[in-house]
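See below for the structure under consideration.
The values are calculated or read from the model by the stated rules, or taken from the named source; none is laboratory data. In this text the structure is predicted, and so the values were computed from the model without any measurement. No Cβ is skipped: glycine too gets one built from the backbone with ideal geometry, and neighbour counts run over all protein chains shown. These accessible areas exclude ligands, DNA and RNA; they are computed on the full protein's heavy atoms, side chains included. Shrake-Rupley method; radii C 1.70, N 1.55, O 1.52, S 1.80 Å.
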Amino acid sequence: MQRLRVCIGNDHGGFLLKQGVSAYLDERGVDVIDVGSHSTEIVRYPHYAAQVCRAVLQGDADRGILICSTGIGMSIVANKFKGIRAALCYSTYQGQMTAAHNDSNVLCLGGRCIGDFEAIDVVRAWLDTNYEGGRHDISLGILE
Ligand code: RB5
């Protein structure tokens, strides 16, 4: 079976949490495509959001994870890309529900707002839960 490919990107506020999340993904047997940034040096987060979203939209990655200080800026930018469904999650329940109900293809996390263990639980729930489809489909022709 082909390994899941997850593209991960962050800014300075997300760099530390990315270490823990990437290590967990590695252990899980996920192919991690890390687009940076690679330090706590101040950078502009939209560049990383764009790289991750493009990787998902072009089929170079199955899913994306974006981490900034709060996760808010990353989620705002990511949701501007047509075809990206980005969800900012702070709990395991949200990770599970956004996979089941929103079919989210990008998960956003706040590196200064959630601890490593909680974040990894969110990622685990998000990856382990399947989209339920049906009534959760938002392609109703009202978003064009
Ligand atoms: C960077 O200081 C901070 O603004 C950024 O990481 C993010 O939280 C924006 O939403």
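From the square roots a ≥ b ≥ c of the eigenvalues of the alpha-carbon gyration tensor of segment 17-63, which class results: rounded (a/c under 1.5), prolate (a/b over b/c), or oblate?
The shape class here is oblate.
Let me know the charge dipole size of segment 8-144 about its Cα centre in debye, to the nearest 20, where only the beta-carbon of Lys, Arg (+1) and Asp, Glu (-1) is charged.
400 debye
Pairing the Cα long axis of helix 116-128 with the longest principal axis of the chain, what angle in degrees results, from 0 to 90 and rounded to the nearest 10?
Computed tilt is about 30 degrees.
Report, in degrees rounded to the nearest 10, the 0 to 90 angle that the Cα long axis of helix 15-27 makes with the longest principal axis of the chain.
Result, in degrees: 70.
How much of His47 can a 1.4 Å solvent probe reach, expressed as accessible area in Å² and rounded to 10?
Looks like 120 Å² after rounding.
Given a cut-off of under 8 Å on Cα pairs at least six residues apart, what relative contact order in percent is computed for the chain?
Taking the mean separation of contacting Cα pairs over the length of the chain, I get 25 percent.
Specify the residue with the greatest mean-square fluctuation among Asp128, Asp11, Asp116, computed from a Gaussian network of the chain linking alpha-carbon atoms under 10 Å apart.
Residue with maximal mean-square fluctuation among Asp128, Asp11, Asp116: Asp128.
Could you state the angle between the C-alpha long axis of helix 45-57 and the longest principal axis of the C-alpha atoms of the chain, as a value from 0 to 90 degrees rounded to the nearest 10?
Between helix and principal axis, roughly 50 degrees.
Tell me whether segment 1-85 comes out rounded, prolate or oblate; compute the Cα gyration tensor, take square roots of the eigenvalues as a ≥ b ≥ c, and use a/c under 1.5 as the rounded threshold.
Values: a/c = 2.09, a/b = 1.14, b/c = 1.84.
Cα axes put segment 1-85 in the oblate bin.
Taking amide hydrogens as modeled 1.01 Å from N in the peptide plane, which residues meet the under 5 Å criterion relative to Ala61, leaving out close sequence neighbours?
For Ala61, whose amide H was placed from the backbone, the distant partners under 5 Å are Val56.
Accessible surface of Tyr93 in the full protein assembly, 1.4 angstrom probe, to the nearest 10 Å²?
Near enough 140 Å² of accessible area.
Counting each pair of different Cα atoms once, what's the Kirkwood radius of the chain in Å, rounded to one decimal? The partial results should precede the final answer.
On the way: mean 1/r = 0.0674 Å⁻¹.
It is 14.8 Å.
Using alpha carbon coordinates only, what is the Rg to Rh ratio of segment 61-144, with Rh defined as the Kirkwood radius?
0.97
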